[in-house]
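A short worksheet on the structure shown next.
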Amino acid sequence: MFAFSSEDKSLALPFSGRDPLGTQVVWQWRARDIVPALTAASRQPEGFQLLFTALAWWPEFAVRYKRPQKDLRNFFLLVEQAFARASKMSGIEWRLPGSRRLNDSQESGLWIGLDARRDFLLDSPLANGTWGIYRGPAINAGLVDESDRLPLVEADQVRRHTRRPP
């Protein structure tokens, strides 16, 4: 038995090929009232973990190696690649953007770099990768500020939990 209600005009948006059942519309108009900082794309906790780990370690790296703030994004790309390739070598599935290229690669060993043709996990990784997908929701949730800094207490906690054991 089916029951129909009257049309909800606030949910009446055109369907898209990526959302044939129209559930994205419900998420956009109703769930964001409850969880405003999340997006449909930022659903993997590992994305936030990677972002927060890189942002927590950046100040220490920048001071130690005298790197300017403008190098943060390249630092993130290198950290992301190192995590992804270490996961592959450990036999752990990489669930974040770039898994297709990472898994298709026949190269052995752990390599990272800033050559877009050879090293990047994705084309336009800052827009389409972990940085682009998870940074916005982290800023919207107040977990990261507009200057890409974690609050000191949280950054210290991340560094303590990711520091190499003695």
Of the residues in region 113-151, those that are of a type in the set (A, V, I, L, M, F, W, C), surrounded by 17 or more Cβ atoms within 10 Å (Cβ to Cβ) and not in a loop (DSSP other than H, G, I, E, B) come to TRP131, ILE133, ALA138
Residues in region 27-73 that are at pLDDT 70 or above and touching a Lys or Arg at 6+ places or on another chain (Cβ under 9 Å) total 12
Consider only pairs whose beta carbons are under 9 Å apart and that are at least six residues apart or on different chains; among these, list those whose first residue lies in region 128-154 and is farther than 12 Å from LEU55 by Cα and free of Cβ contacts under 8 Å to residues at least 24 places away in the same chain and whose second residue is surrounded by 14 or more Cβ atoms within 10 Å (Cβ to Cβ) and aromatic (Phe, Trp, Tyr). none
Does region 100-112 contain at least one residue that is assigned to a helix (DSSP H, G or I) and surrounded by 12 or more Cβ atoms within 10 Å (Cβ to Cβ)? yes
In region 49-77, what count of residues is obtained for those that are loosely packed, with under 15 Cβ neighbours inside 10 Å, of a type in the set (A, V, I, L, M, F, W, C) and within 19 Å of the chain's Cα centre (by Cα)? 0
Considering each of ARG100, ARG85 in turn, give the residue that is in the same structural domain as SER147 (by TED's automatic domain parsing), touching a residue at least 12 places away in the same chain (Cβ under 8 Å) and over 15 Å from LEU126 (Cα atoms). ARG85
Residue check, ARG85 surrounded by fewer than 11 Cβ atoms within 10 Å (Cβ to Cβ) and among the basic types (Lys, Arg): no
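The values are calculated or read from the model by the stated rules, or taken from the named source; none is laboratory data. What you are looking at is a predicted structure, and each value in this text was computed from that prediction instead of being measured. All Cβ positions, glycine included, derive from the backbone under ideal geometry; neighbour counts span all protein chains shown.
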